[in-house]
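*Asks:* One structure coming up, written as structure tokens, with questions to follow.
Since every read-out is calculated from the coordinates, none of them should be taken as a lab result. On a predicted model such as this, the values are computed, not experimentally measured, just so you know. FYI the Cβ positions are ideal-geometry reconstructions off the backbone, even for glycines, and counts take in every protein chain you see.
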Number of protein chains: 2
Amino acid sequence: MPQNIYDDPHFFEGYSQFRRSREGLAGAPEWPTVRSMLPVMDGLRVLDLGCGFGAFDRWAHEMGAAHVLGIDLSEKMLARARAQAPDSGVTYRLGDIEQLALSDASFDLVYSALALHYIADLDAVIAVIRRLLAPGGHLVFTVEHPIYTAPSHPGWQTDAHGNQVWPINDYLIEGRRVTDWIRPGIVKYHHTVAGYVNILLGHGFSLARLEEWGPTPEQVAEHPEMAVELHRPPFLLVAAHV
Amino acid sequence: MPQNIYDDPHFFEGYSQFRRSREGLAGAPEWPTVRSMLPVMDGLRVLDLGCGFGAFDRWAHEMGAAHVLGIDLSEKMLARARAQAPDSGVTYRLGDIEQLALSDASFDLVYSALALHYIADLDAVIAVIRRLLAPGGHLVFTVEHPIYTAPSHPGWQTDAHGNQVWPINDYLIEGRRVTDWIRPGIVKYHHTVAGYVNILLGHGFSLARLEEWGPTPEQVAEHPEMAVELHRPPFLLVAAHV
């Protein structure tokens with residue numbers, strides 16, 4: 001089971017301050033791109049891995065999903081998600097996808113936002129997702145971009161030419177990374193872009209779209225502090241189907 | 001038409017000194033991986049874009065390809081390729097894929113090694129490749145990796161922790177880059193990894209495999225100077241089919 005940092009009171013408090021935590025999907029700048037990669041929700045059975053506060057689940061429900069199941073390792077996050085859930089059509093369960101008893105071919109869409117980079121054995125999780133998807137089913141997920149997760153000491157630097165740069169090392173060394181994010185000692189797992197793609201292809205998925213997300217000109221105009229993200233993408237967005 | 005630097009005497013001389021120029025496929029450390037991404041050659045009609053000295057074309061011929069056509073913009077490179085070509089089964093033509101009159105669906109494999117990052121309008125070239133491929137046909141190509149082509153001032157640095165790092169900037173800004181390689185003023189075109197993948201998907205290709213090449217432990221043992229390439233991949237390798 002991945003490290004559950006979200007039930008740490010200090011971490012939970014810090015995470016709750018983020019714009020994406022306070023504003024939901026509207027506070028996630030990559031959401032318009034993610035949304036464009038999703039199938040039409042109407043009638044779909046949806047599984048959300050690492051659902052957090054449930055913003056996506058409420059959206060999917062509003063868009064006509066037949067049912068949405070959100071799972072997460074954090075009781076605190078699920079408590080907040082449940083408090084905002086509609087009466088029916090969205091349910092939440094505490095646990096790990098590999099432990100929960102879910103039926104084969106019982107979902108049309110598996111969605112996961114910024115959770116899979118905490119998974120040590122991604123191949124095993126993708127195998128479970130493949131099993132849970134009905135024929136023609138979709139997988140759409142976002143993770144921290146491999147350029148973001150690779151370095152042993154991630155962070156911006158200024159080079160000799162006065163340019164802001166993101167120094168990378170160990171990109172081709174996949175595996176465990178320990179970084180400081182909100183609190184010290186956060187454990188993540190680095191995969192290369194090809195690593196993510198080939199795990200999917202190896203389990204019989206067809207790749208539908210790959211996005212290395214950065215802000216649009218309009219977003220940079222509104223939030224000039226986002227411009228730096230054009231130097232290296234913070235997120236990798238993947239759409240695939242079976 | 002891309003800048004033809006290979007007919008510049010100084011550049012040609014410099015390029016000819018490279019291990020991959022002197023030793024052919026055996027001198028290209030990524031070749032074993034590329035080879036594993038290729039279909040069985042027996043009976044295939046093969047087009048090689050940017051064939052250079054023709055090492056791949058001779059190999060494809062030896063492996064049983066029905067016919068191999070190598071095209072290149074450099075007369076000097078084609079002259080050397082022709083001098084080593086077998087009597088039949090391999091032909092060479094000077095020109096650009098968009099200019100040469102080639103029949104629709106007349107090839108089973110289009111191959112290109114370290115040439116497509118010189119192409120300004122990659123989308124147009126991929127459209128031509130798609131048209132030239134017979135049903136079920138394959139496209140296998142290598143390019144300089146986007147992490148390698150992105151920076152405005154590419155090169156290794158040592159960071160404050162004493163680590164060798166490859167600083168990147170402008171990764172999400174696709175387009176023209178002018179760098180010094182053998183001689184000053186070499187023009188290349190940077191695409192993101194997702195940019196390469198989505199152009200293929202947009203033209204109806206299915207992605208079969210993506211590799212961000214780095215040396216194997218055996219290669220590092222034999223050539224310790226290669227270890228640095230593990231910090232950032234020098235090459236992107238792509239296999240797709242129609």
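*Asks:* So what are the ³J(HN,Hα) numbers for region B:65-70, from phi and the Karplus equation (6.51, -1.76, 1.60; θ = phi - 60°), rounded to whole Hz, Gly and Pro as x?
*Replies:* 4, 5, 7, 10, 10, x
*Asks:* Residues of region B:12-35 with backbone nitrogen within less than 16 Å of a virtual label 7 Å along the Cα-to-Cβ line of B:Glu218, please, listed as ranges.
*Replies:* Answer for region B:12-35: B:26-35.
*Asks:* Can you compute the FRET efficiency between B:Leu94 and B:Trp181 using 1/(1 + (r/R0)^6), with r the Cβ-Cβ distance and R0 = 25 Å? Round to the nearest 0.05.
*Replies:* Numbers: r = 23 Å, r/R0 = 0.92.
Once rounded, the FRET efficiency stands at 0.60.
*Asks:* Could you go through region A:217-226 in sequence order and give the Karplus-derived ³J(HN,Hα) for each residue, using 6.51 cos²θ - 1.76 cosθ + 1.60 with θ = phi - 60°, rounded to whole Hz, and x for Gly and Pro?
*Replies:* x, 5, 5, 5, 4, 7, 10, x, 5, 7
*Asks:* Using Cα pairs closer than 8 Å and at least 6 residues apart in sequence, work out the relative contact order for chain B, in percent.
*Replies:* The normalised contact order for chain B reaches 18 percent.
*Asks:* For chain A, modelled as a GNM with alpha-carbon contacts under 10 angstrom, which of A:Thr91, A:Thr179, A:Thr216 fluctuates the most?
*Replies:* A:Thr216
*Asks:* Round to a whole angstrom and tell me the spacing of the C-alpha centers of region A:118-153 and region A:54-101.
*Replies:* If we compute the Cα centre of each part, the gap is 19 Å.
*Asks:* OK, next. Any idea how far apart B:His161 and B:Ser106 come out in nm if each label point goes 7 Å out from Cα toward Cβ?
*Replies:* 5.5
*Asks:* Okay, moving on. Jot down the per residue volume, in cubic angstrom and as a whole number, of the convex hull over the alpha-carbon atoms of chain B.
*Replies:* Working: hull volume 31.1 nm³, N = 242.
Spelled out: Cα convex hull of chain B, divided by residues, is 128 Å³.
*Asks:* Turning to a different aspect of this structure: Per residue of region A:115-126, what does 6.51 cos²θ - 1.76 cosθ + 1.60 with θ = phi - 60° give for ³J(HN,Hα)? Whole Hz please, x for Gly and Pro, Karplus curve as stated.
*Replies:* Rounded to whole hertz, the list is 10, 5, 6, 8, 8, 6, 10, 5, 4, 5, 5, 5.
*Asks:* Then there's this: When only DSSP loop residues count, what chymotrypsin sites (Phe, Trp or Tyr not before Pro) in region A:133-242 have their Cβ near at most 16 other Cβ atoms within 10 Å?
*Replies:* Numbers: sites: A:Phe141, A:Tyr148, A:Trp156, A:Tyr171, A:Trp181, A:Tyr189, A:Tyr196, A:Phe205, A:Trp213, A:Phe235; in loops: A:Trp156, A:Tyr171, A:Phe205.
Qualifying residues, ordered by number: A:Trp156.
*Asks:* Which FRET efficiency value, to the nearest 0.05, is calculated for B:Val40 and B:Ala124 with the Förster distance at 35 angstrom and r the Cβ-Cβ distance?
*Replies:* Working: r = 30 Å, r/R0 = 0.86.
It comes to 0.70.
*Asks:* Something else about it: B:Glu23 label points, 7 Å along Cα→Cβ, one per copy: pairwise distances from this copy to the rest in nm, shortest first?
*Replies:* In ascending order, 5.5 nm.
*Asks:* Describe numerically, in nm with one decimal, the distance between label points set 7 Å from Cα along Cα→Cβ at A:Ala227 and at B:Ala134.
*Replies:* 5.4
*Asks:* Using a/c under 1.5 as the rounded threshold, could you call region B:1-130 rounded, prolate or oblate? The axes a ≥ b ≥ c are square roots of the C-alpha gyration tensor eigenvalues, and prolate needs a/b larger than b/c, oblate otherwise. It would help to have the intermediate numbers written out before the result.
*Replies:* Numbers: a/c = 1.42, a/b = 1.10, b/c = 1.30.
Because its axes are fairly even, with a/c under 1.5, region B:1-130 counts as rounded.
*Asks:* Mind checking which of B:Leu236, B:Leu100, B:Val193 is farthest towards the positive end of chain B's charge dipole, using Cβ charges of +1 (Lys, Arg) and -1 (Asp, Glu) about the Cα centre?
*Replies:* Positive-end residue among those listed: B:Leu100.
*Asks:* What does the extension gain come out to for B:Asp7 and B:Ala83, with contour length at 0.36 nm per residue minus their alpha carbon separation? Each step should come with its number before you reach the end.
*Replies:* On the way: separation 76, 0.36 × 76 = 27.36 nm, distance 1.70 nm.
Here the segment from B:Asp7 to B:Ala83 would lengthen by 25.7 nm.
*Asks:* If you don't mind, another one. Normalise the Cα radius of gyration of the protein assembly as shown by 2.2 N^0.38 Å (N = residues in it) and let me know the number.
*Replies:* On the way: Rg = 24.2 Å, N = 484, 2.2 N^0.38 = 23.0 Å.
With N residues counted in the protein assembly as shown, Rg over 2.2 N^0.38 Å equals 1.05.
*Asks:* Given +1 on the Cβ of Lys and Arg, -1 on the Cβ of Asp and Glu, and no further charges, what dipole in debye does region A:152-227 carry about its Cα centre, rounded to the nearest 20?
*Replies:* Working: 5 positive and 9 negative charges, 85 e Å.
The calculated dipole for region A:152-227 is roughly 400 debye.
*Asks:* Is there a simple number for the mean count of other chain Cβ atoms within 10 Å of the Cβ of residues in B:119-130, and what is it? Please list the in-between numbers first.
*Replies:* Numbers: counts 0, 0, 0, 0, 0, 0, 0, 0, 0, 0, 0, 0.
That average works out to 0.
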